[in-house]
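Student: Got a structure here, written out as structure tokens. Questions coming.
The values are calculated or read from the model by the stated rules, or taken from the named source; none is laboratory data. All of these numbers come straight from a predicted model, not from anything done at the bench. Quick reminder, even Gly has a Cβ in these numbers, built from the backbone with ideal geometry, and neighbours come from all protein chains shown. Quick note on the areas: whole protein, heavy atoms, side chains included, nothing else; ligands and nucleic acids left out. Shrake-Rupley method; radii C 1.70, N 1.55, O 1.52, S 1.80 Å.
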Amino acid sequence: MMITNCFGQSNYAKFKKLSTPKKWWVALHPFKAKKAYLISIEVNRISDSIKKTKLLDGDHAGGQVDAFRHAYWMARLKEEIGASAARSLGKAHEKENYLMYKKRKLEEGLVPDEISSEMDLFNNEVGLSLTSKGNKTPREGLIYRVINAILAGEMKVIKKDEKGSFLTCDGNKITAESLKGKWKNNKCLVPSNYKKP
């Protein structure tokens, strides 16, 4: 996820594996790319840990853990590389998701779609509002700041039922078959404190 496959053993080999939008981001931000890479590793590790707790809903694909991952990623990036570079990396990630959709590749076990991208971009902006450049919030404090914003309904998640089926805004179940191959669909964004029926 994010930009985690950019640096390490062979920088050039990993750079070649990045999507075109992320390659452009790295080319425009060469001195910020390594920090972004390290933050992305941190974010994925923390998100995986939070998924295993009862702090959030455990849903990493359209749920509260997904919202956490994006907001925390942006908050940490803003602290280290500034809002503009963080925001542009978030947009590059969503452009990559559109390319993944066109190739029918999976992100978090699902083919990306427009509503997921809208959710991510919204949550990115909330994350950017939670910190400031150069102001290093203690990690645990920032984690709880993001979690509290989610539980207060300040972010967005995709409406689902208890079984994880996607729902329309009217509460009707969306069949998996009707979602196949569609960038635009009738999934519904709801506040992040939404209680599943």
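Student: Taking a probe of 1.4 angstrom, what is the accessible area of Tyr144 in Å², to the nearest 10?
Tutor: Roll a 1.4 Å probe over it and Tyr144 shows about 100 Å².
Student: Another question, then. When the chain is fully extended, how far beyond the present Cα-Cα distance does Ser129 get from Glu114, taking 0.36 nm per residue of separation?
Tutor: Length gained between Ser129 and Glu114: 3.1 nm.
Student: Express in Å², to the nearest 10, the accessible area of Cys188 obtained by rolling a 1.4 Å probe over the protein heavy atoms while all chains stay in place.
Tutor: Ignoring ligands and nucleic acids, Cys188 comes out at about 10 Å².
Student: Test of the criteria: in region 117-197, which trypsin sites (Lys or Arg not before Pro) are in a DSSP loop and have at most 13 other Cβ atoms within 10 angstrom of their Cβ?
Tutor: Here the trypsin sites (Lys or Arg not before Pro) that fit, given the DSSP loop and packing criteria, are Lys136, Lys163, Lys180, Lys182, Lys184, Lys195.
Student: Which FRET efficiency, nearest 0.05, do Arg139 and Lys54 yield, Cβ-Cβ r, R0 22 Å?
Tutor: It comes out at approximately 0.65.
Student: If each residue of separation counts as 0.36 nm, what is the full-extension length gain between Leu99 and Leu121 once their alpha-carbon separation is subtracted?
Tutor: Separation in residues times 0.36 nm, less the Cα-Cα distance, equals 6.3 nm.
Student: With the cut-off at 23 Å, tell me which of the pairs Lys22/Lys78; Lys14/Lys54; Lys136/Lys195 have Cα atoms farther apart than that.
Tutor: Cα-Cα > 23 Å for Lys14/Lys54; Lys136/Lys195; rest within.
Student: What is the ratio of the Cα radius of gyration of region 51-197 to 2.2 N^0.38 Å, where N is its residue count, to two decimals?
Tutor: 1.04
Student: Using amide H atoms built 1.01 Å from N in the peptide plane, name the residues 5+ places from Gly153, or on other chains, whose amide H lies under 5 Å from its own.
Tutor: Here the answer is Ser192, Asn193, since their amide H atoms fall under 5 Å of that of Gly153.
Student: Express the carbon and sulfur contribution to the solvent-accessible surface of the chain as a percent, rounded to the nearest whole number, probe 1.4 angstrom.
Tutor: Within the chain, the accessible surface is 54 percent carbon and sulfur.
Student: When the chain is modelled as a GNM with alpha-carbon springs shorter than 10 Å, which of Pro112, Pro30, Pro21 fluctuates the most?
Tutor: It is Pro30.
Student: With a 1.4 Å probe and every protein chain left in place, work out the accessible area per residue of region 58-191 in Å², rounded to a whole number.
Tutor: 45 Å²
Student: GNM on the chain, C-alpha springs below 10 Å: top fluctuator among Asn44, Asn123, Asn185?
Tutor: Asn185
Student: Another question, if that's okay. Ordering Met155, Met100 by accessible area with a probe of 1.4 Å, largest first, what comes out?
Tutor: Met100, Met155
Student: Setting aside same-chain residues fewer than 8 positions from Lys16, which aspartates and glutamates have a Cα under 15 Å from its Cα?
Tutor: Correct list for Lys16: Glu96.
Student: Moving to a separate point now. Ser19 versus Lys163, label points 7 Å from Cα toward the beta carbon: distance in nm?
Tutor: Reported label-point gap for Ser19 and Lys163 is 3.1 nm.
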